[in-house]
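The values are calculated or read from the model by the stated rules, or taken from the named source; none is laboratory data. Quick caveat: nothing in here was measured; it's all calculated off a predicted structure. Note that each Cβ is placed from the backbone with ideal geometry, even for glycine, and that neighbours are counted across all protein chains shown.
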Amino acid sequence: MEKEPLLMLPGPVPMPERVRYAMMRQAINHRSAEFGAVYADCVRVLKTVFGTNNDLFVISGSGTAGMEAAVANFGRDKEIACLVNGKFGERLFKISQRYGKAHEIGSPWGTPLDLAALETQLEAGAGIVTLVHNETSAGIKNPAQEVGRLARKYDALFVMDGITSIGGDLVEADKWDVDVAIVGSQKCLAAPAGLAAISVSPRAWDRLVKNPPYYLDLAAYRKSAAGKPMETPYTPAVPLFLALQEACLIVEEEGIANRIARHQKMARAMRAAANAWGLSLFPHLDAKHEYSTTVTAFSYPEGIKDDEMRAAVKKLGIIIAGGQDHLKGKIFRIGSMGAVSAPEILATLAATQYALKKLGYAVKGDGVQAAAEVLG
């Protein structure tokens, strides 16, 4: 019997059996009290995970749909300052170009953001700031709290992509002055892909555009969610909502503080392995930036080819990620998010260590042992 591969990617991630089974049940009426209770359950838990008391909705669409909803409902025809130091910051910038006057505040992927340039843009009248909190393309975590402070100083709205941090790392949307926050279902929540959750502050509602998109009209989501039973304005992906509810209940049972601590420990184990192997981590940090808690980006040593490396790991039943765009062949990435813990981390690191040795890299030490000491 062929076993399923272990996905150790920065999403999608392995789904608990409870979550998978939830999708197998018979369809239910999405205008029923039963569905309304499912939706309400998701929102209740997600508000805790987001660190918010603001309105929160679930959209049938990927995290990118959540990004577009944020920009389209609040940024149309406005000056938008887009912080970019990776692929998904670029995506928010490209979305912003379609709706408003977008200004890219770019840094090379995996390097610190230019917050001085952001302040200059805010002084010049930018009304919205976009940020990717956890940039998985480069393995760097950006200073959301500092960005929120600057946005509030200049009375700008702060849109934060928390797609790969919410549910796996500390996120305090309200304390950080985040006006619109977004998460994707298939990342730290360990649910199937295809849903995005988005929170909206009272300040953001006051600046809602007059010509929002049709399907992603957040005012329509607010109106439907206020009804009894709680509903979505358009037909939702019901099986995915059922799975998300189960994933949220698992989060609640673990406790968000425990879940964050588990993710942080897994990230420390990854970094301990890299140090033992003598490998450099890709991001370049300063005092305000950190390594990602949910994915670790390793720089390839000279002579190791990406396709051979990941193929060797895959032969052992584990799938890890390479670099994207201009980072292809330069880095590999291992996700540490969702429902995984020590067994999956150690298996992945053992397979990676084997592959590095097989391809001729002289590892300096035992990365598996170093990680086990962190996880133990």
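Residue by residue, here is whether (1) at positive phi; (2) modelled with pLDDT of 95 or more; (3) out of contact with any Lys or Arg (no Cβ under 8 Å at 6 or more places or on another chain) holds:
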| residue | (1), (2), (3) |
| --- | --- |
| Phe93 | no, yes, yes |
| Ser96 | no, yes, yes |
| Glu104 | no, yes, yes |
| Pro108 | no, yes, yes |
| Leu122 | no, yes, no |
| Gly125 | yes, yes, yes |
| Ser137 | no, yes, no |
- Among residues of segment 338-368 being touching a strand residue (DSSP E or B) at 6+ places or on another chain (Cβ under 7 Å) and not polar (S, T, N, Q), the residue surrounded by the fewest Cβ atoms within 10 Å (Cβ to Cβ) is Ala347
- Only one of Tyr361, Tyr354, Tyr300, Tyr291 is over 19 Å from Pro12 (Cα atoms) and either polar (S, T, N, Q) or within 19 Å of the chain's Cα centre (by Cα) (or both); which? Tyr291
- Query: From the residues in segment 179-227 that are out of contact with any Phe, Trp or Tyr (no Cβ under 8 Å at 6 or more places or on another chain), surrounded by fewer than 20 Cβ atoms within 10 Å (Cβ to Cβ) and of a type in the set (Lys, Arg), which one is nearest to Arg18 (Cα to Cα)?
  - Reply: Lys223
- Members of segment 164-216 found to be of a type in the set (Asp, Glu) and in contact with a helix residue (DSSP H, G or I) (Cβ under 7 Å, 6 or more places away or on another chain), listed by number: Asp169, Asp177, Asp179
- Query: Do we have Thr48 as assigned to a helix (DSSP H, G or I) and either under 18 Å from Gln186 (Cβ atoms) or free of Cβ contacts under 8 Å to residues at least 60 places away in the same chain (or both) here?
  - Reply: no
- Filtered residues of segment 327-337 (kept if surrounded by fewer than 23 Cβ atoms within 10 Å (Cβ to Cβ) and either closer than 27 Å to Gly255 by Cα or touching a residue at least 60 places away in the same chain (Cβ under 8 Å) (or both)): Leu327
- If only one of Lys101, Lys78, Lys94 is of a type in the set (Lys, Arg) and surrounded by 18 or more Cβ atoms within 10 Å (Cβ to Cβ), which one is it? Lys78
- Note on the structure: Here the residues within segment 304-345 that are under 18 Å from Val363 (Cβ atoms) and either at pLDDT below 95 or in a helix (DSSP H, G or I) (or both) are Asp306, Glu308, Met309, Arg310, Ala312, Val313, Ile345
- Does Glu146 qualify as being surrounded by fewer than 17 Cβ atoms within 10 Å (Cβ to Cβ) and of a type in the set (D, E, K, R)? yes
- Residue match in segment 297-306 (condition: touching a Pro at 6+ places or on another chain (Cβ under 7 Å) and assigned by TED's automatic domain parsing to the domain that holds Ala362): yes
- Candidate set: segment 115-139, residues that are under 16 Å from Ile166 (Cα atoms) and among the aliphatic types (A, V, I, L, M); chosen: the one nearest to the chain's Cα centre (by Cα): Val132
